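Read-outs throughout are calculated quantities, based only on the coordinates presented, and are distinct from any laboratory measurement. All figures in this text were calculated on a predicted structure; none of them were measured in a lab. Glycine also receives a Cβ, built like all others from the backbone with ideal geometry; neighbour counts cover every protein chain displayed.
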Amino acid sequence: MRTKLRYLLVAIVGTLACGAQSPISTVRRPDFLYIPTLVQNKSGEIIYDLSPQDFVVEDNGVSRSVTLTNDFHIRPIAMVLVVQSGRNAAAELQAVPGLSGLLDAVLNQPQDRVAIIAYDRQPRLIQDFTSDTDQARATLSELRPGDDGASLFDALHLALSVMKQVPDDEQKVILTVGGRRDHGSNLSDPLPLLQEIASQNLSVYCLAFTPRRSLTGDLHMLNPFSALAARENAAQSLAQLTGGDFYQFRNEKSFEERMMEVANHIHNRYMLRLETRGSDPGVHSVRVQVQVSGDPRVTARTAYFIFDKSGKTEAAVVPK
């Protein structure tokens, strides 16, 4: 089942490779890709002290050598917190008065920093990057209900623009708190956004209110080669694509539990480095396996995307 989901998500990103729009922003061709990888046992406990030899990474079905970035967990975290303020957010966020607790849970080093975006019909950068968590808390305390929109894609587009000032040697995290779907973005096609995110060294984590159907059910019900798939499963697709987490919550207690899980996972990921210099343009399927006993559960990035030198996309072969 996990393999099927991985290929479905790769297919969503690969759809744009035929007849695509231009990339959202200035094209970058990084020479390497970080693959955030969380390894847990059957009970959900994190497995520590693995070595590079314990990991097997496939890039479009071909085994590739990777290095393990041992000092990544102590590198600064640059987090863009994307908070829905429109549509039904006012009622839902009443259940999470501890929203500012996200800052303490994730940002625990002096050099860590956060930027905050609020979105309804329009996204707004209400706090540029700061290491002053008191200032960030004050910004969150002033967050007010917005209009009837929830332009998630436009907000993520803005988050990518904000994140471009962050060096590649920092941990880049986008954390969304809100609905899992987009309502009213100006982007006519969400797939260029997915490809832009897939081309970057960052992870997306999502805390979504109002749980409905499961990710598996949604992806099987929708044609993964349709833009509708990305639009209907935006938050889940992005988290799965980049090796992040997607959680749903109903009340303050479940929000706090999920929030701590997200923080724990961010701080305890293995960071594998894959050299991408010379890789073919287009979508690349990524599969990470861990060779240890006990059938471990591996959560890792499932794909990445490379634009060609001109910034145009080319037809991609999606694994079957």
Task: Mean Cβ neighbour count within 10 Å, used as a protection proxy, ranking 149-155, 162-168 highest first - done: 149-155, 162-168
Open item on the list: Once R0 is set to 41 Å, what does the formula 1/(1 + (r/R0)^6) return for the Cβ-Cβ distance between SER65 and GLU257, expressed as a FRET efficiency to the nearest 0.05?
Closed with: 0.60
Open item on the list: Let's test the formula: R0 of 35 Å, r as the Cβ-Cβ distance of GLN165 and ARG144. What FRET efficiency results, to the nearest 0.05?
Closed with: 0.80
- [ ] Compute the Cα gyration tensor for segment 44-186, then decide on rounded, prolate or oblate, letting a ≥ b ≥ c be the square roots of its eigenvalues: rounded whenever a/c is under 1.5, prolate when a/b is larger than b/c in the other cases, and oblate in all that remain.
- [x] prolate
Open item on the list: Sort 272-284, 58-70 by packing, meaning the average of other beta carbons within 10 Å per residue, with the highest value first.
Closed with: 272-284, 58-70
Open item on the list: Quick check on packing: order 107-116, 299-308 by the mean number of other C-beta atoms within 10 Å, highest mean leading.
Closed with: 299-308, 107-116
